[in-house]
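Enquirer: Right, I'll just put the structure down here and ask away after.
Nothing in this text is a laboratory measurement; each read-out follows from the coordinates by a stated rule. None of the values given here were measured: they were computed from a predicted structure. Note: ideal-geometry Cβ built from the backbone for every residue, glycine included; neighbour counts use all protein chains shown.
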């Protein structure tokens, strides 16, 4: 457990410590950052968690050795770089950087702080993957299915022609989701009418944000699948990974994942790795697919070039993606196990969903007994995001935030 301190105090504490291996610097310090910290701490990697506020779930964890403030990169990217470089200098070691939200990944990739090893591809490759315009063009060339899409930036595409081609309702997405999320508070908008569609396009034009229109995919609920992988610099032939099935989301169908199971879906793995190979991306990523019930196939939605909320699932299934990335960056030894079945649950969102009338529990009675007794930590087939009986303080922090004690925004 680490007290979250100011940047100056963080430098003093890091400088006073002795490290026998490069520390990991994890940014930001909430649910995903906690998952990364726990994955690395299990292999005795020292973890420095940084954020703009101390209200996230990670700082109270026993997996975090130091926690403190840095400049938020969207406020001042150069100041962020200087803050991180100062931490590396204080440590007397290179750091290994893990960005856990897009803006933190971009900040590390774009500023390339001295003294920080980045276990992922350079910024041009990341931009090409995160930009849905280039991502879907690559999918088109490879024959990887993706939702029917119209680019509003193309001169021949108008609001009217997009509606004619795709029908209503349809989905409006940004080419780069973070800038859209900053502008409107979400990274996807479903519109029911042409007038609503026109309003969103006008707003995007005024903010100079490129958007695209997509069909509303007839998704088979509960069949979403993602390849969670680490691709080393040597390429996809040496990749390790696990396919996860987002069995339950809150809200149902399109919300945040709250129950994810390891799945045996080689077709998803093959499609995802073909896209990653074509982009030249290496590092941790999540390639997201949904199952199109009408086309009877998986279609590519997105690729996240970073850890994400259920990063604990592949770890539980025997494939520790953060440790694989750390090992490649430092020359340490890590060999992933053969993946085995496992289920990851985010209890706050799942309990919220269980309180509604239109959902039935998918967990077994033995799973609930394991959570309530603490035996979950002895099970290799079950894990939870945040909640861990032997490391309770992160769950206490999340509970206090939920009850209004603190405020922390993160889309994870």
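Enquirer: Using a ≥ b ≥ c from the Cα gyration tensor of region 148-215 (square roots of the eigenvalues), is it rounded, prolate or oblate, where a/c under 1.5 gives rounded and otherwise the larger of a/b and b/c decides, a/b for prolate? The partial results should precede the final answer.
Expert: Details: a/c = 1.68, a/b = 1.43, b/c = 1.17.
Prolate is the answer for region 148-215, as a/c is 1.5 or above and a/b outweighs b/c.
Enquirer: Quick check: the distance between the Cα centres of region 220-274 and region 26-80, to the nearest angstrom?
Expert: A separation of 25 Å, based on Cα centres.
Enquirer: For each of 328, 264, count neighbouring Cβ atoms within 10 Å of the residue's Cβ, then give the residues from fewest to most. Walk me through the intermediate numbers first.
Expert: Numbers: 328 21, 264 10.
The most exposed by this proxy come first: 264, 328.
Enquirer: May I pose another question? Rounded to the nearest 5, what % of DSSP beta bridges with both residues in the chain are antiparallel? Walk me through the numbers on the way to the answer.
Expert: Numbers: 43 of 62 bridges.
So the antiparallel bridges in the chain amount to around 70 percent.
Enquirer: Rounded, prolate or oblate for region 350-412? Axes are the square roots of the Cα gyration tensor eigenvalues, ordered a ≥ b ≥ c, and the cut-off for rounded is a/c under 1.5. Provide the component values of the computation, followed by the final result.
Expert: On the way: a/c = 2.27, a/b = 1.21, b/c = 1.87.
Taking the square roots of the gyration eigenvalues as a ≥ b ≥ c, region 350-412 is oblate.
Enquirer: Further question: If you stretched the chain out fully between residue 155 and residue 294, how much longer would it get, using 0.36 nm times the residue separation minus the C-alpha to C-alpha distance?
Expert: Details: separation 139, 0.36 × 139 = 50.04 nm, distance 3.00 nm.
That works out to 47.0 nm of additional length.
Enquirer: Do you know the relative contact order of region 4-120, to the nearest whole percent, from alpha carbon pairs under 8 angstrom that are 6+ apart? Walk me through the numbers on the way to the answer.
Expert: Numbers: 231 pairs, mean separation 35.4, N = 117.
Contact order relative to length: 30 percent.
Enquirer: By how many degrees, between 0 and 90 and to the nearest 10, does the Cα long axis of helix 321-330 differ from the longest principal axis of the chain?
Expert: The helix 321-330 is inclined about 60 degrees to the chain.
Enquirer: For region 35-96, compute Rg over Rh where Rg is the Cα radius of gyration and Rh is the Kirkwood radius from the inverse mean 1/r over Cα pairs.
Expert: On the way: Rg = 12.1 Å, Rh = 12.4 Å.
For region 35-96, the value is 0.98.
Enquirer: State, as an integer percentage, the relative contact order of region 130-214 based on alpha-carbon contacts under 8 Å between residues 6 or more apart. Display every interim value, and only then the final one.
Expert: Working: 107 pairs, mean separation 31.6, N = 85.
Rounded, it is 37 percent for region 130-214.
Enquirer: In which sequence would 284, 138 go, from the one with the fewest C-beta neighbours within 10 Å to the one with the most?
Expert: Details: 284 27, 138 20.
Ascending Cβ contact count within 10 Å gives the list 138, 284.
Enquirer: Going by the alpha-carbon gyration tensor, a ≥ b ≥ c the square roots of its eigenvalues, is region 4-120 rounded (a/c under 1.5) or, if a/c is not under 1.5, prolate (a/b greater than b/c) versus oblate? Write down the numbers at each step before the final one.
Expert: Numbers: a/c = 1.26, a/b = 1.12, b/c = 1.12.
Here region 4-120 falls in the rounded category.
Enquirer: When all C-alpha to C-alpha distances in the chain are sorted into bins of 20 Å, what percent of pairs does each bin hold, rounded to whole numbers?
Expert: 27, 59, 14, 0
Enquirer: Continuing with the same structure: Any chance you could check the Cα centroid distance between region 184-216 and region 116-183 for me, in angstrom?
Expert: Taking the Cα centre of region 116-183 as reference, the centre of region 184-216 is 13 Å away.
Enquirer: Using a Debye calculation, one point per C-alpha and no hydration shell, please list log10 I(q)/I(0) for region 209-268 at q = 0.12, 0.18, 0.28 Å⁻¹ in order.
Expert: Per q value, in the given order, log10 I(q)/I(0) is -0.42, -0.79, -1.07.
Enquirer: Compute the angle between helix 132-142 and the longest alpha-carbon principal axis of the chain, please, reported from 0 to 90 degrees and rounded to the nearest 10.
Expert: 70 degrees
Enquirer: In percent, how large is the relative contact order of the chain, given Cα pairs closer than 8 Å and 6 or more residues apart? All intermediate terms of the calculation are to be shown ahead of the outcome.
Expert: Numbers: 837 pairs, mean separation 66.5, N = 412.
Computed value for the chain: 16 percent relative contact order.
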